[in-house]
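*Asks:* I have a structure here, written as structure tokens, and I will follow up with some questions on it.
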Amino acid sequence: MKSEQIHIPVLLKEVLEYLNLKPGDIVFDGTLGGAGHTVEIFKAIAPTGKLIAVDQDSQAISTAASLFKNYNNIFFYNGNFADVKKIINSFEINKIDAFFLDIGLSSIQIEKSGRGFSYIRNEKLDMRMDTNNPLSAFNVVNEYSEQKLREIFFKFGEEKYSSSIARNIVLSRKSKPIETTGQLNEIIEKTIPVKEKYSKRGHPSKRIFQAIRIEVNSELENLKKAINEGFEVLNKGGRMVIISYHSLEDRIVKNKFINFSGKCICPPELPVCVCGAKKQAEILTKKVVTPSADEILINKRASSAKLRALKKL
Ligand SMILES: C[S@@+](CC[C@H](N)C(=O)[O-])C[C@H]1O[C@@H](n2cnc3c(N)ncnc32)[C@H](O)[C@@H]1O
């Protein structure tokens, strides 16, 4: 059993170390992707363990299902990892020993899906990980108000030219709809000073595309729900390991973990605690874990990865 190597699994050694699996464990892997982590998790819990492998992208599920066709203790689910409880219950499982997420996009989605995830390729404006999602990047770019566009570019992309990019998108779509990533990229490039394309922060289109993707796929809301539900169904002693690639996502993971470890995360201006902090977990990654220079050299996509892990008490 070999995974599709277009996608190289990020921080694989560290993931396995923090998951601390043993034969017979029940594991929820919410981000199957190219099955890079999944294959190794499966080996670690064999022969008696059970692995629930989830992806909202049906292509990821069908590719992996054929890879594992000779095994019956891996359960595939095409759906959203936010629905942890519903998913495990559908396999008559109530509790799990480990919960793993490697959020974001797989290299396969970026390079082969044709769904417009990258500004480097000229494709249809789509960006849906789940192709049944009624909201696509086309809807966001062509139907959102200028103010809403500005807000998502600023909040999810931390882009300093958010206002002028939003204004030019709205101006441009008045004459004809913006249907491709190429058209959108052209508008962004015409809006920003040329030097910004080569700045240390990277090309602004990268941040704008990322912001639209987060909006289309409700990525932050799904992550919060998944962590809450995943923690609830985790057995005592069980591990939760999450890799994120965006500062807003990492902040969500960090704060949730701090909260589970018993520290209040209420804003300082609140007179009383409303977050209900109670010590229920030990944070295993006192400092966030990032890939080594060697790993980044082999796999550039790993460069923004951040891993956090906890053990439920
Ligand atoms: C970075 S890739 C995972 C790669 C995988 N760990 C590997 O090594 O091959 C992320 C995957 O998670 C999926 N995904 C992202 N958000 C999801 C969600 N809310 N529910 C289910 N799948 C999701 C994407 O479709 C993508 O296939």
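*Asks:* Only Lys, Arg, Asp and Glu count, each charged at its Cβ (+1, +1, -1, -1), so figure out the dipole size of the stretch 148-279 about its Cα centre, rounded to 20 debye.
*Replies:* Result for the stretch 148-279 is approximately 260 debye, rounded to the nearest 20.
*Asks:* Related question: Pairs of alpha-carbon atoms within less than 8 angstrom and 6+ residues apart define the contacts here; what relative contact order does the chain have, in percent?
*Replies:* Reported as a whole number, the value is 17 percent.
*Asks:* Quick one: 3J(HN,Hα) in Hz for the stretch 281-293, Karplus 6.51/-1.76/1.60 with θ = phi - 60°, rounded, Gly and Pro as x.
*Replies:* Per residue, the Karplus-derived 3J(HN,Hα) values read 8, 10, 7, 8, 9, 4, 10, 4, 9, 10, x, 6, 4 Hz.
*Asks:* Let me ask something else about it. Let me cross-check residue 203: its accessible surface, 1.4 Å probe, with only protein heavy atoms counted, in Å² to the nearest 10?
*Replies:* 20
*Asks:* Treat each spin label as a single point 7 Å out from the Cα along the C-beta direction, and report the residue 131 to residue 160 distance in nm.
*Replies:* Here the answer is 4.1 nm between the modelled labels.
*Asks:* A further question follows. Name the residue, out of 54, 289, 194, whose mean-square fluctuation peaks in a Gaussian network model built on the chain with Cα pairs under 10 Å.
*Replies:* Checking each option, the largest mean-square fluctuation is seen for 194.
*Asks:* For a quick check of your reading of the filter: which GluC sites (Glu not before Pro) in the stretch 234-313 sit in a DSSP loop and have no more than 12 other Cβ atoms within 10 Å?
*Replies:* Those satisfying the criteria are 269.
*Asks:* Compute the angle between helix 247-260 and the longest alpha-carbon principal axis of the chain, please, reported from 0 to 90 degrees and rounded to the nearest 10.
*Replies:* Orientation of helix 247-260: about 30 degrees from the principal axis.
*Asks:* Moving on to the next point. Test of understanding: what is the full-extension gain from residue 151 to residue 189, defined as 0.36 nm times their sequence separation minus their Cα-Cα distance?
*Replies:* Working it through step by step, the gained length comes to 11.7 nm.
*Asks:* Let me have the relative contact order for the stretch 134-216, percent, based on Cα pairs under 8 Å that are six or more residues apart.
*Replies:* Across the stretch 134-216, relative contact order equals 40 percent.
*Asks:* Heavy atoms only, probe 1.4 Å: what % of the accessible area of the stretch 134-216 goes to carbon and sulfur, would you let me know?
*Replies:* 53
*Asks:* Please give me the summed charge of the neighbours of residue 46: other residues whose Cβ is under 13 Å from its Cβ, Lys and Arg +1, Asp and Glu -1.
*Replies:* Once all neighbours under 13 Å are counted, the net charge is +1.
*Asks:* Ok, one more. At what distance in angstrom do the alpha carbon centres of the stretch 58-97 and the stretch 18-55 lie from each other?
*Replies:* Distance between centres, Cα-based: 10 Å.
*Asks:* Continuing with the same structure: Step through the residues of the stretch 29-39 one at a time and calculate ³J(HN,Hα) from phi using the Karplus curve (6.51 cos²θ - 1.76 cosθ + 1.60, θ = phi - 60°), rounding each to whole Hz and writing x for Gly and Pro.
*Replies:* 10, x, 9, 4, x, x, 6, x, 6, 4, 4
*Asks:* Here's another thing I want to ask about it. Select from 33, 276, 116 the residue whose mean-square fluctuation is largest in a Gaussian network model of the chain (Cα-Cα springs shorter than 10 Å).
*Replies:* With Cα springs under 10 Å in the chain, the top fluctuation among 33, 276, 116 is at 276.
*Asks:* For the chain, modelled as a GNM with alpha-carbon contacts under 10 angstrom, which of 187, 265, 96 fluctuates the most?
*Replies:* 265
*Asks:* Turning to a different aspect of this structure: In this model, which of 43/224; 22/254; 148/300; 148/206 are farther than 21 Å apart at the alpha-carbon?
*Replies:* Over 21 Å Cα-Cα: 43/224; 22/254; 148/300.
*Asks:* Quick one: net charge around residue 81, please, counting Lys, Arg +1 and Asp, Glu -1 for every other residue with C-beta under 10 Å from its C-beta.
*Replies:* -3
*Asks:* Nearest 10 degrees, 0 to 90: what angle lies between the long axis of helix 181-191 and the longest principal axis of the chain (Cα atoms)?
*Replies:* Once rounded, the angle reads 60 degrees.
*Asks:* Further, regarding this structure: What does the accessible area of residue 180 come to, in Å² to the nearest 10, when a probe of 1.4 Å is used?
*Replies:* 40
*Asks:* Provide the solvent-accessible area of residue 232, counting protein heavy atoms only and rolling a 1.4 Å probe, rounded to the nearest 10 Å².
*Replies:* Spelled out: residue 232, probe radius 1.4 Å, area about 100 Å².
The values are calculated or read from the model by the stated rules, or taken from the named source; none is laboratory data. Computed from a predicted structure; not experimentally measured. As a convention, Cβ positions derive from the backbone with ideal geometry for all residues, glycine included, and neighbour counts pool all protein chains shown. Keep in mind that these areas ignore ligands, DNA and RNA; they rest on the heavy atoms of the full protein, side chains included. Shrake-Rupley method; radii C 1.70, N 1.55, O 1.52, S 1.80 Å.
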